[in-house]
Amino acid sequence: MQTGNRVFLSAIAILMIGMLSVSGLYAYSEADLKKLRTTNSCPKCNLDNANLSGANLSMANLAGTRLFKANLSKADLSGAKLCGADLYMANLKEAKLCGADLSMATWTDGSRCKEGSIGECKK
């Protein structure tokens, strides 16, 4: 095998390994998801990419939780504690946020919600 081909194949192999390792960075923790479902509380948990569509998370404690790209469509988050949570790129379509504390949360567009954001993200 020629040197040029070896270099090319080595570069492809390194790129593939890098892509595989990065894809695991944004995956939720099964233990955290189980904790949320059994206790309705999971502060500072990793729920990135979790499918919580239609979930009843009313009054849930999700303070400081990572919810990057999580599917929260049609979820009931009424009165939930989401202060400091990361909701960047999360799907909140038709989610109920009445009374939810979004203070200092990272909103779906990457902006920061102001202190006192209750029921909506005040920017």
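Here are the numbers for the structure shown:
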item	result
Filter result (more than 19 Å from Asp109 (Cα to Cα) and not acidic (Asp, Glu)) within segment 76-88	Ser78, Gly79, Ala80, Lys81
Lys123 vs. criteria assigned to a loop (DSSP other than H, G, I, E, B) and under 10 Å from the mean Cα position of the chain (by Cα)	no
Segment 97-114, residues that are buried (at least 20 other Cβ atoms within 10 Å of the Cβ), outside any loop (DSSP other than H, G, I, E, B) and either at pLDDT below 95 or of a type outside the set (Asp, Glu) (or both)	Thr106
Qualifying positions in segment 5-32 - under 13 Å from the mean Cα position of the chain (by Cα) and modelled with pLDDT under 95	Leu25, Tyr26, Ala27, Tyr28, Ser29
Segment 104-123, residues that are in contact with a strand residue (DSSP E or B) (Cβ under 8 Å, 6 or more places away or on another chain) and among the small types (Gly, Ala, Ser)	Ala105, Ser117
Verdict on Lys44 being closer than 20 Å to Ile118 by Cα, within 12 Å of the chain's Cα centre (by Cα), at pLDDT 95 or above and surrounded by fewer than 20 Cβ atoms within 10 Å (Cβ to Cβ)	yes
Evaluation of Lys69 against (1) in contact (Cβ under 8 Å) with a residue 24 or more places away in the chain; (2) outside any loop (DSSP other than H, G, I, E, B) (one fails), failing number	(2)
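The values are calculated or read from the model by the stated rules, or taken from the named source; none is laboratory data. Remember, it's a predicted structure, so these values are computed and weren't measured experimentally. Because the Cβ atoms are built from the backbone with ideal geometry, glycine has one as well, and the counts that use them run over all protein chains shown.
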